[in-house]
Structures are given as C-alpha cells and as structure tokens.
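Novice: The structure under discussion is supplied below as structure tokens; questions concerning it will follow.
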Amino acid sequence: MTRVLSLLASVIAVFFVFVPHELAHAFIAYKNGDGTAKMYGRLTLNPIKHIDPVGMVLCIFTGFGWAKPVPINPYNFRRYRVGLFTTAIAGVTANYIIAFIAYPLYLLIATYAVTESVALSYLITFFNYVFFLIFLYSLSVIMFNLLPLYPLDGFRVVESLTREVNPVRRFLRNYGYYILIILVVESFLCGVLLEYTNLTFVKYLDILGYLQWFARNIIGYPITAIWNLIFGLPLPIISGI
C-alpha cells in the first residue's frame, strides 16, 4: 500500500512541478513581447498542454525529467537578451517558490496530523508524500534545468549571454541533447544497480545523483532552515552523498 501511495503521490507531484514551470516560461515570454506561447495555447494551467509523457515517467522514477518546451521567438522580445534571460530563468524561479510553499505544508502534516483511524492515516501519509515530493522534485528540476545543455533552460541562459558564433555555445547546442540522454540513462542504471545488487560503489558514479544531493542540501537549505526555525525544529544537517 505504501508503494502505491508513493507512486500516486509522485504522479501528482510531477503535475505541480512541471505545469507552473512551463506556465512561467510562457507568461514571462508574453510579458517580454513574444506571444508565440500564447498562440500555441501554452499560457494555461491545463497539464495536457505541458506534460511530456517520457519526461514525466523519468521524473517519477529518477527524480529528473522535463515537460514540453514552451515555443518562443526571442526576436519578438522588446529587449532580446533581457527577454531571453528572464524567460529562461522563469521556470526555475517558479519551482523555487513552489518548493518554499510545499515544504512547510509537509512539516505541518508530519508534525501535527495524528490520527488513530487507519483510513485517515493512509490519507495523511499520502499528502505527506505529495508535499515532500513536490519539494524534492522542484529542487531537482531546478538543478537539472540549469545544466547548460540544449534544450534545457541553462542553455537559454548561455544563449542570452553569448554570441551565436561562440564555439562552446555551438557545441552545447549540437550535442547537449545527446549528453542529456546519456546522463539520464546512466543515472537510471545506477539506481537499478543500487536497488537490486550489492554494488554500493555505483552511487559514486551517478552524476545526476550528485546534482540531486546539491539540489536538496545546498539549494534547498535556505528553505528547510527557515521553516525548521519557524516550526521550532533543529536546523537541517547536510548529509553526505
């Protein structure tokens, strides 16, 4: 039952992480003068417009994934570089706000929701999973999307700061997608080996695993520290990888 609740919570968490992420891109692009996303129906909270099935499944099982990229035409921006940069970081900014909101809701349930009813205990466990996974996935998506690999947001940031003839930018554009796939597959295989074998050293080979650790312990630390202080809980301890 616990595994079923966890899986269902993961599905719901993905929607709460990816939909606002993509909506933020579309909204900021529109505010910068580009109506392309609105024209394609992406200026909406409708998850069908945003969710990519493959990216969703990968996020559920690996903690990393993606949604359908929001179409933009940066040449429509009133200020090209500013528009490109602010649109690129809009998604991860939205995710950080969501993580900041989800964590105290998780603490609220974990600290105060107590019941003797079996049915209610399952419901409490379910919502506990939901808010904690929204928190974790939001941080992972932030770290993942800031990688400077096409077609992630990090590459858009590189685009906004460099010229088209820049050789590093051209390399990241041409090969970023393939590097990305290799990283995701490698992380997935490491996870499988860790779960079904005794090869514990594999965790040190998981490159995206290091990113997850950094996202949770470093990027997420201000959130957990602030809310733990408010709830009267000990400050979080930065764990080893």
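The values are calculated or read from the model by the stated rules, or taken from the named source; none is laboratory data. The structure presented is a predicted model; accordingly, all values stated were derived computationally and were not measured. When we count neighbours, we look across all protein chains shown, and the Cβ atoms used for this are built from the backbone with ideal geometry, even at glycine. Note: areas computed on protein heavy atoms with side chains; ligands, DNA, RNA excluded. Shrake-Rupley method; radii C 1.70, N 1.55, O 1.52, S 1.80 Å.
Novice: For the range 8-18, state whether one or more residues are buried (at least 19 other Cβ atoms within 10 Å of the Cβ) and outside any helix (DSSP H, G or I).
Specialist: Looking through the range 8-18, none of the residues is buried (at least 19 other Cβ atoms within 10 Å of the Cβ) and outside any helix (DSSP H, G or I).
Novice: State all residues of the range 149-170 that are hydroxyl-bearing (S, T, Y) and in contact (Cβ under 8 Å) with a residue 24 or more places away in the chain; if no residue qualifies, say none.
Specialist: Y150, S160
Novice: Which of the residues spanning the range 84-123 are among the polar types (S, T, N, Q), surrounded by fewer than 22 Cβ atoms within 10 Å (Cβ to Cβ) and touching a residue at least 24 places away in the same chain (Cβ under 8 Å)?
Specialist: T86, T93, T111
Novice: Another question, then. Quickly run through the range 52-78 and pick out the residues that are assigned to a loop (DSSP other than H, G, I, E, B) and open to solvent by 20 Å² or more (accessible area, probe 1.4 Å).
Specialist: D52, W66, K68, P69, V70, P71, I72, N73, R78
Novice: Please go through the range 154-178 and pick out each residue that is open to solvent by 60 Å² or more (accessible area, probe 1.4 Å) and either within 21 Å of V92 (Cβ to Cβ) or hydrophobic (A, V, I, L, M, F, W, C) (or both).
Specialist: If the condition is that a residue be open to solvent by 60 Å² or more (accessible area, probe 1.4 Å) and either within 21 Å of V92 (Cβ to Cβ) or hydrophobic (A, V, I, L, M, F, W, C) (or both), then R156, L161, V165, V168, F171, R173, Y177 are the ones that fit.
Novice: Whether any residue in the range 20-33 is at pLDDT 95 or above and not in a helix (DSSP H, G or I) is what I want to check.
Specialist: Scanning the range 20-33 turns up at least one residue that is at pLDDT 95 or above and not in a helix (DSSP H, G or I).
Novice: I've got another one for you. Just checking, how many residues over the range 42-51 are assigned to a loop (DSSP other than H, G, I, E, B), closer than 12 Å to V17 by Cα and either in contact (Cβ under 8 Å) with a residue 40 or more places away in the chain or open to solvent by less than 50 Å² (accessible area, probe 1.4 Å) (or both)? Let's see the steps before the verdict.
Specialist: Residues of the range 42-51 that are assigned to a loop (DSSP other than H, G, I, E, B), as a first pass: 42-46, 51.
Of the ones still in play, those that are also closer than 12 Å to V17 by Cα are 45, 51.
So of that shortlist, the ones also either in contact (Cβ under 8 Å) with a residue 40 or more places away in the chain or open to solvent by less than 50 Å² (accessible area, probe 1.4 Å) (or both) come out as 51.
Final tally of qualifying residues: 1.
Novice: Need the failing condition index for L146 against (1) without any contact (Cβ under 8 Å) to a residue 40 or more places away in the chain; (2) open to solvent by less than 90 Å² (accessible area, probe 1.4 Å); (3) under 27 Å from A9 (Cα atoms), just the number.
Specialist: (1)
Novice: Right, next: I'm trying to understand the selection: among the residues of the range 182-237, which are at positive phi and open to solvent by less than 30 Å² (accessible area, probe 1.4 Å)?
Specialist: none
Novice: Being under 16 Å from V130 (Cα atoms), more than 18 Å from the chain's Cα centre (by Cα) and either open to solvent by less than 30 Å² (accessible area, probe 1.4 Å) or basic (K, R) (or both) is true for just one of R3, R81. Which residue is that?
Specialist: R3
Novice: While we're here: Since P151 meets every condition but one in (1) surrounded by 22 or more Cβ atoms within 10 Å (Cβ to Cβ); (2) more than 13 Å from V92 (Cβ to Cβ); (3) in contact with a Gly (Cβ under 8 Å, 6 or more places away or on another chain), which condition does it not meet?
Specialist: The single condition P151 does not satisfy is (1).
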